[in-house]
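No value in this document is a laboratory result; all are computed from the given coordinates. Predicted model only: the values in this text are computed from it and were never measured. We place every Cβ from the backbone using ideal geometry, glycine too, and count neighbours over all the protein chains shown.
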Amino acid sequence: MTNSSGFVAYFGTELRRHRERLGWPREQLAERVPWSVWTVASVEQGRRKPPPGLGEHADALFNLPGVMTELSKKAQDDSTPFGDRIELEQRADAICEYDMRLVPGLLQTEQYARLVHRARRHLSPEEVEDLVQLRMRRQRIFDREHPPLLHAIIDEAVLCRRIGDPAAMREQLQALGAPRRNVTIQVLPFSACLHEAIDGPITIMCLPEEPDVAYSDGWPRGQLIDTPGEVLRAHRAFQQLAALALPPDLSAEMIEAYAEEA
């Protein structure tokens, strides 16, 4: 996904052009910046926006004062705050997601999503609807002939936290508990002990023919993680959560019980 202005692709083209001008392979550029060679490749190929700071690093390395920094700022001007994550999500063949706050976006009903976005009081009604429809379009990946595998682990607190009126919450819980192909849901009960993902939500996207990428959803914005060590740490944290969470059948029973009480 590139934005309509084409600055994402243009930044990548210029990054590659200046790298090759110096005779550097991608690995050599990656050694000089705090990002992996896979990030460099993705940016050069226009498959993701330049991460914040890459423009400044490129200017210093290529002796281009302000040129790449300005291009990077324009490339960052995406139409959504989650442009990179959505692009990767659409290409993933497996997604692992943990959240202790809300039902994951890929599993939200339209009404639940609308209520969540309305809580952001700085958004206009039009912006809320745009984000809701974007969320619904993201879910179309499950309508494909070969949909991705989704393994979602949600905290029991998500089931307790009422979003909207009882009817809206009941609809969401019933949708969450309904069997769906390629989707596995586990609930992390209140009785679970401390775990490595205590700092916040985490998503891991497994991409075909590319290394896995993680996404840490924090305040005020999320952050993509693609360094091998950190992605491995995310995988280990998710495996620990899966071991601590209820198995899918008991999770479905718990979700159904909360839906009946909503």
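In the range 7-75, with Lys and Arg counted as +1 and Asp and Glu as -1 at Cβ, which of these residues, PHE11, ALA30, LEU54, has the Cα nearest the positive end of the dipole, that is, farthest along it?
It is PHE11, whose Cα lies furthest towards the positive end.
Label points 7 Å out from Cα along the Cβ direction at GLU209 and ALA257: separation in nm?
4.8
With an 8 Å cut-off on Cα pairs and a minimum separation of 6 or more residues, tell me the relative contact order of the range 126-221 in percent.
23
Rounded to the nearest 0.05, what FRET efficiency do ARG118 and ARG140 have when you use their Cβ-Cβ distance and R0 = 25 Å?
Values: r = 23 Å, r/R0 = 0.92.
Efficiency for this residue pair is about 0.60.
About the Cα centre of the range 7-75, what is the dipole size in debye to 20, counting +1 per Lys and Arg Cβ and -1 per Asp and Glu Cβ, all else neutral? Could the numbers behind the result be given before it?
On the way: 11 positive and 8 negative charges, 46 e Å.
Here the range 7-75 has a charge dipole of around 220 debye.
What Kirkwood hydrodynamic radius, in Å, does the range 102-188 give when the mean of 1/r is taken over all pairs of distinct Cα atoms and then inverted? Don't skip to the answer; put the middle values down first.
Values: mean 1/r = 0.0727 Å⁻¹.
After inverting the pairwise mean of 1/r, the radius is 13.8 Å.
Starting from the Cα of ARG233, step 7 Å along the direction of its Cβ; do the same at CYS193; then give the gap between the two resulting points in nm.
Placing both labels 7 Å along Cα→Cβ, they lie 2.1 nm apart.
Compute and list, largest first, the equivalent-ellipsoid semi-axes of the range 7-75 from the alpha carbon gyration tensor, each √(5λ) rounded to a whole angstrom.
Numbers: eigenvalues 45, 37, 23 Å².
The three semi-axes for the range 7-75 are 15, 14, 11 Å.
Restricting to Cα pairs below 8 Å that are 6+ residues apart, what does the relative contact order work out to for the chain? Please round to a whole percent. Provide the component values of the computation, followed by the final result.
Values: 382 pairs, mean separation 50.3, N = 262.
Rounded, it is 19 percent for the chain.
Rounded if a/c is under 1.5, else prolate if a/b beats b/c, else oblate: with a ≥ b ≥ c from the C-alpha gyration tensor eigenvalues square-rooted, which is the range 110-262?
Since a/c stays below 1.5, the shape of the range 110-262 is classed as rounded.
Fewest Cβ neighbours within 10 Å first, please rank GLU97, GLU126 accordingly. Could you put the intermediate results ahead of the total?
On the way: GLU97 22, GLU126 8.
So the ranking, lowest neighbour count to highest, is GLU126, GLU97.
Largest first, please: the extent of the C-alpha atoms of the range 31-179 along each principal axis, to the nearest Å.
60, 36, 28
What are the trypsin sites (Lys or Arg not before Pro) within the range 196-262 that DSSP puts in a loop, where the Cβ has at most 15 other Cβ atoms within 10 Å? Mind showing how you got there, number by number?
Numbers: sites: ARG221, ARG233, ARG236; in loops: ARG221.
Loop-located and lightly packed - ARG221.
Considering the dipole of the range 105-262 built from charges on the beta carbon (Lys and Arg +1, Asp and Glu -1) around the Cα centre, which of ILE204, ALA234, TYR112 is farthest to its positive end?
Selected residue: TYR112.
What ratio of Cα Rg to 2.2 N^0.38 Å holds for the chain?
Details: Rg = 20.1 Å, N = 262, 2.2 N^0.38 = 18.3 Å.
Its radius of gyration relative to the 2.2 N^0.38 Å reference: 1.10.
Of all GluC sites (Glu not before Pro) in the range 181-252, which ones are in loop regions per DSSP and have a Cβ with at most 12 other Cβ atoms within 10 Å? Spell out each step's value before the answer.
Working: sites: GLU196, GLU209, GLU230; in loops: GLU196, GLU209.
Filter output for the range 181-252: GLU209.
In deg cm²/dmol, rounded to 500, what helix-only [θ] at 222 nm does the chain give when every DSSP H run of at least 4 residues adds -39500 (n - 2.57) and the total is split over its residues?
Working: 12 runs with 127 residues, N = 262.
Mean residue ellipticity at 222 nm (helix-derived): -14500 deg cm²/dmol.
Relative contact order for the range 1-157: what percent, with Cα pairs under 8 Å and sequence separation of 6 or more?
Values: 168 pairs, mean separation 35.4, N = 157.
Result for the range 1-157 is 23 percent.
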